[in-house]
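Enquirer: I have a structure I would like to understand better, so I am pasting it below and will then ask my questions one at a time.
The values are calculated or read from the model by the stated rules, or taken from the named source; none is laboratory data. Because the structure is a prediction, the values reported are computed rather than measured. Using ideal geometry, Cβ is built from the backbone for each residue, glycine included, and neighbour counts are taken over all protein chains shown.
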Amino acid sequence: MKKVTIIIPAYNEQESLPFLYERLENLMKEIKQYEFEILFVNDGSKDKTLELIKQYRKEDKRISYVDFSRNFGKEIAMIAGLDYATGDCVILMDADLQDPPELIPEMLKYWEEGYDDVYAQRKSRKGETFLKKFTSKLYYRILQTLTNVEIQKDTGDFRLLDRRCVNALKKLRESQRCSKSMFSWIGYKKKAILYDRDPRVAGRTKWNYMKLVNLAIDGITSFTTSPLRISTYIAIPTFIALFVYFIYVIAKCCITGIIIQAYQAIILLILFFSGIQILLFGIVGEYLGRIFNETKNRPLYLVNEYNEKKEMNEL
Ligand code: UDP
Ligand code: MG
């Protein structure tokens with residue numbers, strides 16, 4: 001019997017978990033031809049999330065959990081899930097039921113047909129603001145123009161991954177992660193299935209705009225170094241303009257014999273060039289920061305407990 005691991009990162013999800021467990025239990029009752037493992041990654045929750053998970057595990061041995069030593073963020077929680085998953089395929093899913101578990105049978109069907117990465121694509125997003133929808137669309141567009149790896153549109157992390165995709169993803173150990181681009185980067189046979197994204201069942205979203213902006217910048221800089229090329233693109237016309245202006249000034253001086261009152265032009269030029277320099281510094285700093293973080297070579301996360309067993313962090 002093939003084993004399916006459902007990975008669920010959870011951060012302060014005590015309100016959602018009962019609904020989630022019920023839906024998953026019903027689903028697992030229906031699908032008899034697979035063995036299931038539900039792997040919760042408790043991302044340093046401050047509420048009763050871990051207690052609930054432990055309670056479920058007492059009655060249902062299909063449930064396992066990884067408990068982080070603190071909050072590391074969803075991206076890291078997902079890679080931990082991939083590290084600890086034991087299934088022949090995994091399904092990544094949010095705890096708040098925004099990803100309907102009812103899509104899982106369809107995902108499994110395509111997996112059996114030989115697809116390695118079956119991802120859920122949103123037809124609509126209920127309960128999300130216009131601004132969030134608009135910015136996310138714009139972001140996809142920008143990311144796609146900056147890179148030549150194909151990026152799946154309107155896709156979150158809800159997907160089924162074959163074991164070989166999991167093994168591939170486990171090899172990508174950078175600390176500032178953007179899973180979306182990693183799923184694209186690994187390639188393999190992909191298949192989209194369409195669905196309507198539901199609003200979350202309970203509790204509140206852990207995202208705010210600052211987090212989203214950070215994720216967006218991480219996404220771009222982890223995926224491509226083409227922003228570095230902006231410096232070249234800006235520098236070329238700048239130098240042409242500089243050259244032309246220089247010739248013009250010299251020629252005018254020679255022909256008319258009038259010395260130009262140039263202080264205004266100088267101020268403008270200074271503003272212009274310092275502006276460019278600040279921008280370029282920012283971009284270089286962006287990558288420098290990434291190099292700094294990667295060279296520290298720290299473990300991506302620290303585990304407090306895996307299925308009741310204390311993690312000792314030995315070599
Ligand atoms: N999550 C997490 N760590 C965090 C923030 C969120 O593991 O620091 C989990 C959260 O429990 C949920 C999923 O990531 O299962 C998606 O989070 P959320 O619903 O808050 O994000 P949204 O759906 O609004 O983008
Ligand atoms: Mg959500």
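Enquirer: Take the conditions within 15 Å of ligand 1 (Cβ to nearest atom), of a type outside the set (Lys, Arg) and at pLDDT 90 or above and apply them to Phe72. Does it pass?
Expert: yes
Enquirer: For region 155-165, name all the residues that are surrounded by fewer than 21 Cβ atoms within 10 Å (Cβ to Cβ) and not charged (D, E, K, R).
Expert: Thr155, Gly156
Enquirer: Among Lys180, Lys133, which is the only one that is under 30 Å from Ile291 (Cβ atoms), within 16 Å of ligand 2 (Cβ to nearest atom) and among the basic types (Lys, Arg)?
Expert: Lys180
Enquirer: Quick one: would you say Ala216 is surrounded by 12 or more Cβ atoms within 10 Å (Cβ to Cβ) and at pLDDT 80 or above?
Expert: yes
Enquirer: Could you tell me which numbered condition Thr145 fails, if it satisfies all but one of (1) part of a helix (DSSP H, G or I); (2) in contact (Cβ under 8 Å) with a residue 40 or more places away in the chain; (3) among the polar types (S, T, N, Q); (4) more than 13 Å from ligand 1 (Cβ to nearest atom)?
Expert: Just one mismatch for Thr145, condition (2).
Enquirer: So in region 183-223, with the set limited to residues that are within 16 Å of ligand 2 (Cβ to nearest atom) and charged (D, E, K, R), which one is farthest from Leu161 (Cα to Cα)?
Expert: Arg204
Enquirer: Please find, within region 100-126, the residue that is nearest to Tyr34 (Cα to Cα) out of those that are loosely packed, with under 12 Cβ neighbours inside 10 Å and under 21 Å from the mean Cα position of the chain (by Cα).
Expert: Lys123
Enquirer: Within the bounds of region 39-51, is there any residue that is out of contact with any Asp or Glu (no Cβ under 7 Å at 6 or more places or on another chain) and basic (Lys, Arg)?
Expert: Yes, region 39-51 has at least one match.
Enquirer: Got a sec? Which of Lys132, Lys74 is of a type in the set (Lys, Arg) and surrounded by fewer than 16 Cβ atoms within 10 Å (Cβ to Cβ)?
Expert: Being of a type in the set (Lys, Arg) and surrounded by fewer than 16 Cβ atoms within 10 Å (Cβ to Cβ) holds for just one of Lys132, Lys74, which is Lys132.
Enquirer: With Ala10, Ala120 as the choices, which residue is of a type in the set (Gly, Ala, Ser), in contact with a Lys or Arg (Cβ under 9 Å, 6 or more places away or on another chain) and within 16 Å of ligand 2 (Cβ to nearest atom)?
Expert: The match here is Ala120.
Enquirer: While we're here: Under the condition of being under 14 Å from Ala168 (Cα atoms) and of a type outside the set (D, E, K, R), which residue from region 85-97 is nearest to ligand 2 (Cβ to nearest atom)?
Expert: Among those residues, the one meeting the criterion is Val90.
Enquirer: Among the residues of region 31-48, write down those that are under 19 Å from Glu59 (Cβ atoms) and away from ligand 2 (no atom under 16 Å from the Cβ).
Expert: Passing the criteria: Glu35, Phe36, Glu37, Ile38, Leu39, Asn42, Lys48.
Enquirer: Let me ask something else. Could you list all residues from region 181-209 that are among the hydroxyl-bearing types (Ser, Thr, Tyr), at pLDDT 75 or above and within 16 Å of ligand 1 (Cβ to nearest atom)?
Expert: Within region 181-209, Tyr195, Tyr209 qualify.
Enquirer: Can you tell me which residue in region 28-45 is nearest to Ala77 (Cα to Cα), limited to those that are under 27 Å from the mean Cα position of the chain (by Cα) and away from ligand 1 (no atom under 11 Å from the Cβ)?
Expert: Selected residue: Leu39.
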